[in-house]
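Asks: Here it is, the structure in full.
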Amino acid sequence: FTNNDVKGVEQFVDTVVMEFDPEWAMEIKESEFFPKALALINDDNSILPFFTYLNLIIEAIPPNFYFYYVGKAAA
């Protein structure tokens, strides 16, 4: 986790994700859920940050990514 470092998460999206895929970074930043996710990350008394990270990761990975690697493993 980021130890409630919301600025670190924002910086990650602004730098790493922006360099990797600018369109994706803008989609994240413009999402109505991004501020809510940051608020949950900043909450000390909740397990929700873990689930928020997990949800963001699962939603962010394109479905064809899974099919590609499952196909490679099956071959």
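The values are calculated or read from the model by the stated rules, or taken from the named source; none is laboratory data. All values reported here derive from a predicted model rather than from experimental measurement. Using ideal geometry, Cβ is built from the backbone for each residue, glycine included, and neighbour counts are taken over all protein chains shown.
Asks: Hey, can you tell me all the residues within the stretch 1-29 that are among the aromatic types (Phe, Trp, Tyr) and either in contact (Cβ under 8 Å) with a residue 60 or more places away in the chain or part of a helix (DSSP H, G or I) (or both)? Can you show your working first?
Replies: Within the stretch 1-29, the subset among the aromatic types (Phe, Trp, Tyr) is 1, 12, 20, 24.
Residues satisfying the conditions are 12, 20, 24.
Asks: Continuing with this model, one more query. Determine whether residue 31 is exposed (fewer than 14 other Cβ atoms within 10 Å of the Cβ), at pLDDT 85 or above and of a type in the set (Gly, Ala, Ser). Let's see the steps before the verdict.
Replies: Numbers: exposed (fewer than 14 other Cβ atoms within 10 Å of the Cβ): yes; at pLDDT 85 or above: yes; of a type in the set (Gly, Ala, Ser): yes.
For residue 31, the condition - exposed (fewer than 14 other Cβ atoms within 10 Å of the Cβ), at pLDDT 85 or above and of a type in the set (Gly, Ala, Ser) - is met.
Asks: Now, a different point. Return the pairs, sorted by first residue and then second, in which the second residue is small (Gly, Ala, Ser), the first residue lies in the stretch 48-73 and is in contact (Cβ under 8 Å) with a residue 12 or more places away in the chain, the beta carbons are less than 9 Å apart, and the residues are 6+ apart or on different chains.
Replies: 49/37; 52/37; 53/37; 56/37
Asks: Take the residues of the stretch 31-43 that are over 13 Å from the mean Cα position of the chain (by Cα) and not aliphatic (A, V, I, L, M): which is farthest from residue 5 (Cα to Cα)?
Replies: Among residues in the stretch 31-43 that are over 13 Å from the mean Cα position of the chain (by Cα) and not aliphatic (A, V, I, L, M), the one farthest from residue 5 (Cα to Cα) is 32.
Asks: Looking at (1) outside any loop (DSSP other than H, G, I, E, B); (2) free of Cβ contacts under 8 Å to residues at least 24 places away in the same chain, which is the only condition residue 32 fails?
Replies: (1)
Asks: Tally up the residues in the stretch 44-75 that are under 11 Å from the mean Cα position of the chain (by Cα) and outside any helix (DSSP H, G or I), please.
Replies: Going through the stretch 44-75 one residue at a time, the tally reaches 1.
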